[in-house]
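Written below as structure tokens is the structure these notes are about.
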Amino acid sequence: MTQPDAGNETNARGKKASGHDYAVTVRDLTRMFGEFVAVDNVSFDVKRGEIFGFLGANGAGKTTTIKMLTGLLRPTSGTGTVDGLDISNDRRAIKSRIGYMSQRFSLYDDLKVEENLFFFGGVYGMDRDSVEARVSELDDMLSLSGLENRMTASLPPGHKQRLALACAILHRPPVLFLDEPTGGVDPVARRYFWDLISTIASDGTTVFVTTHYMDEAEYCHRLSIMHAGRIVEVDSPARIKEKHGMTSIQDVFIKLVDG
Amino acid sequence: MSIPFARVKELEKSYGKTVALASVSLDVGKGEMFGLIGPDGAGKTTLMRILSSLLDPDSGDCVVAGVSVSEDPAGIRRIIGYMPQRFSLYQDLTVGENLRFFADLFRVPRRERIKRTAMLLEFARLEPFVKRQAGRLSGGMKQKLALACALVHTPEFLILDEPTTGVDPVSRREFWSILKKLKETGVTILVSTPYMEEAELCDRVALMHKGRVLMTGVAKDIAQGFAGTVYSVACDDTVGLAVWLKGRLTPEQVRIVGTRVHVSLFGDTGRAIAGLEREAATAGFSIAMAEPVPAALEDAFVAMIAERERRHDAA
Amino acid sequence: MINSRFFPLMRKEFIHIARDRRSLLILFLMPVLMMFVFGYAINMDVKHIRMGICDLSRTPTSRALIEAVSASPYFDVTVRYEDPRLTGELFRRREIRAAVIIPREFARDLGASGVARIGVITDGTDANTATLAQNYLEGLFLERSLSAGGVEFPVRIKSRILYNPDMESSHFVVPGIVALLLIMIGALLTSVTIVREKETGTLEQILVSPIRGYEVVLGKALPYLVLAFGIAVFIIIFGCLWFHVPMLGSWSWLTLFCIIYLFTSLAIGLMISTLVSTQQVAMMLALVATLLPSVMLSGFIFPVASMPAPLRVVSRIVPATYFLEIIRGIMLKGNGPAELWRPVLAMIAVGLLFTVMAIRRFRLKL
């Protein structure tokens, strides 16, 4: 596997990171909390434009890994890069290169739709005009127009989800982290949402997603399954099923995690 | 079913202008495992809270085992065990302390309590964690503890509000196997879930959407009542084909199931699928075969919701 | 009662209290801190006021007067100057906060007519100190003029201050702080503990059990009554030891009235918990509802008698008004129920009022 040399990458930031094949690289990543090993010597790569599914039981170490990749937590040992930037040394720089959306959409319920957009745009240094321009550019996809003055609290869950996604991609992040993005949304909205994710990925954005819905896992280009701090499987859904002789990811998951 | 064990009669509840429940009626039989299926905002939680006497309806009533919620809320509280959606145990109390506390709240006699606690701990495979504080348990274990606490006074009617939301598939499966064992002991269970595959584990389900019950029945029957045909398409590029189909049709008609793409079609489905196959071939997809398969509950539910939304938009 | 559901609630509450060591520490340290702040800062007697003296008279009479002023513990004569025009400058430079100017004609006038004038100037930016300084000086000069003039007056003023003979304001302030802290801590603890259960969703789980309203209320309130009482004992003893506040009355009566007062504060807390749904709001409301009226309207600092009529009415429903009377009565005057029955009854009435209001508002629904 051609793997970018993390050391050189970070030292030569002028070398425009986006030119490389991998959006995320992780080598021997470990994180301990006291005696407890939350993430145990994990290695994997995510290609640019890929939808990478990050599966695992509660407490398997998914959240800890994502926190390290998004610069919220320092690794105990091991290295990793996100968009070519080192996760130990370039934590601030990484934050402007990623988008993040979590399960319980972290929107301000008491703000209007456009106020949320302006706020999150503002956090990334965007002025109102550029936020507006970006929103109308995204409107084909997100259909939020006409809702600008609605109170966020009054939106149906599906709309809230799209708004949260919009807030996460306003600043055109090359890498998008989605942490259980479809929790509590009806099946119709979920199907639409995965359509959106496919569109975003086909435009070249890398999507790193966690989910407990195993049917959603089937939409990912590649999957990793984490168990007790280790990655026990990483491949395309089709290859994983073939390898384990099973017809659904759900069955493979249960076999790997419970078996 | 002769006399229903729990009967919900024309419940209505609004919060200001938002209608949470619009005339909801349901019957749950004795010993039945009844599922409430629907997304956030469908009204599942409101219904369950009214049924547990935590909330007063604007109109309508519920009767459980002959006890009316509006007339005798205290009587209802003795019959039911309720597990709210949000984890609501004391995080700073240990597993054992939480169980003891809820047993005492229901005045479970000491000897009974000790027996029951031991049984529940074994049942939920929580014995090794008796002395651990609830806040330090994993998500799946927390849910099992919450269930044990709701069961500690041996309720006849168990109301579980989305007990498996956000829980991983393995813990979810374990949780449902516990529910199944419980059902065998004769407990009537009302459970809500956003996961379609869990609906199929219930005796009967009610599909809820925006404060209404769209349909009640056995999951399999509802699935069979699906008005169109579901075609299963095999293709070497499953995801690519699904994305293409979503663009060609509407996203709600397409989903990936394992290595195949399932497409919901309506009307003259034979001609439609033939046309799609030709177009897909032109677009560069090599499709092995498209064969009709039985619709799943999710297909039926999605079609129902989509239909309602279209009518709503039209109106 | 033994089989009541409020025992498990109480036991659980004690576990919460014991596991949250940090909050417990804060609960005991905060009163000590407040006691220091109030005990030393709200010093109602002013001592060591820096004073300038401009003696233009320079006679034995004037020197005797200056000596008297210097000997007083209230004043430190730090500057002596000869040009009265410097006075303003000295005040501006904050070197002095009071000045006495003895005019050239002082001794002569005194000798001729028995009436002399003295200039007394004080710094009005601190009105409290200024007034006190004026009063001290007037008292001092009155005494001096009477004896210095050699005139025997038919009436001699001999004042004696009862119960707090040294006019130590800490004796006055410490019982006030006890009153203040108890109502604040009681209301704060109760409101926050119930609202916390609302926030975490655990209240929902309790309410689906056949528990009764009074069981929830008592089960939640009693542990905090015990805790607040512990804090009360702690601060009273601390006040007695550190500030040497005397305890002339009976400890048992004080204990009983303390408990009644605490019930009132728990009722206020309970009422707050029925009004709000987040811990922050509960905390703020509890502070505003107890601290403000207890400081301003109870007679802690400003005597109730000198308040405008509408505020006097409000002060009647402030429980601290009565408890202040009771605790000062017991500790400083050695009063018992025979003298204190009025405020005690009034306090019970106010407490019942709050309790009834709180229980009526507290519903076993969401």
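The values are calculated or read from the model by the stated rules, or taken from the named source; none is laboratory data. Just so it is clear, the structure is predicted and the values come from calculations on it, not from any experiment. Don't worry about glycine lacking a Cβ; one is built from the backbone with ideal geometry, like all the others, and counts go over all protein chains shown. The area values use the complete protein model at the heavy-atom level, side chains included, leaving out ligands, DNA and RNA. Shrake-Rupley method; radii C 1.70, N 1.55, O 1.52, S 1.80 Å.
Details
- Considering residues of segment B:259-276 that are of a type outside the set (Val, Ile, Thr) and assigned to a loop (DSSP other than H, G, I, E, B) only, the residue farthest from residue B:307 (Cα to Cα): B:268
- Which numbered condition residue A:220 misses (of (1) of a type in the set (A, V, I, L, M, F, W, C); (2) under 17 Å from residue B:259 (Cβ atoms); (3) more than 11 Å from chain B (Cβ to nearest Cβ)): (3)
- Within segment B:169-210, the set of residues being among the small types (Gly, Ala, Ser), within 17 Å of residue A:253 (Cβ to Cβ) and surrounded by fewer than 23 Cβ atoms within 10 Å (Cβ to Cβ) comprises just one member, B:177.
- Only residues that are closer than 15 Å to residue B:150 by Cα and among the charged types (D, E, K, R) were counted across segment B:115-138, and they come to 1.
- The strands (runs of 3 or more DSSP E) found wholly in segment B:158-239 and carrying at least 2 residues that are over 23 Å from residue B:9 (Cβ atoms) and either small (Gly, Ala, Ser) or free of Cβ contacts under 8 Å to residues at least 40 places away in the same chain (or both) occupy B:229-235.
- Residue within segment A:166-181 that is within 11 Å of chain B (Cβ to nearest Cβ) and in contact with an Asp or Glu (Cβ under 7 Å, 6 or more places away or on another chain) present: no
- Within segment A:64-113, considering residues that are within 14 Å of chain B (Cβ to nearest Cβ) and surrounded by fewer than 18 Cβ atoms within 10 Å (Cβ to Cβ), the one nearest to residue A:206 (Cα to Cα): A:102
- Matching residues, segment A:198-213, being in a helix (DSSP H, G or I) and either polar (S, T, N, Q) or surrounded by fewer than 23 Cβ atoms within 10 Å (Cβ to Cβ) (or both): A:198, A:199, A:200, A:202
- Going through (1) farther than 30 Å from residue C:230 by Cα; (2) at pLDDT below 85 one by one, residue C:86 falls short only on (2).
- Where helices (runs of 4 or more DSSP H) sit wholly within segment A:60-135, those with at least 3 residues that are more than 18 Å from residue A:26 (Cβ to Cβ) and not hydroxyl-bearing (Ser, Thr, Tyr) occupy A:113-123.
- Listed by first and then second residue, the pairs with beta-carbon distance under 9 Å, at least 6 apart or on different chains, first residue in segment C:129-141 and open to solvent by 40 Å² or more (accessible area, probe 1.4 Å), second modelled with pLDDT under 75, are C:136/C:46.
- Qualifying residues in segment B:98-122 (those that are surrounded by fewer than 19 Cβ atoms within 10 Å (Cβ to Cβ) and either facing another protein chain (nearest Cβ under 10 Å) or not in a helix (DSSP H, G or I) (or both)) - the one modelled with the lowest pLDDT: B:107
- Lone qualifier among C:116, C:98 - being surrounded by 20 or more Cβ atoms within 10 Å (Cβ to Cβ), in contact with a Leu (Cβ under 8 Å, 6 or more places away or on another chain) and either free of Cβ contacts under 8 Å to residues at least 40 places away in the same chain or closer than 30 Å to residue C:181 by Cα (or both): C:116
- Checked against the criteria, residue C:298 counts as within 19 Å of residue C:187 (Cα to Cα) and not in a helix (DSSP H, G or I).
- Single unsatisfied condition, residue C:364 versus (1) within 14 Å of chain B (Cβ to nearest Cβ); (2) among the hydrophobic types (A, V, I, L, M, F, W, C); (3) in a helix (DSSP H, G or I): (3)
- The condition of being open to solvent by 60 Å² or more (accessible area, probe 1.4 Å) and assigned to a helix (DSSP H, G or I) does not hold for residue C:216.
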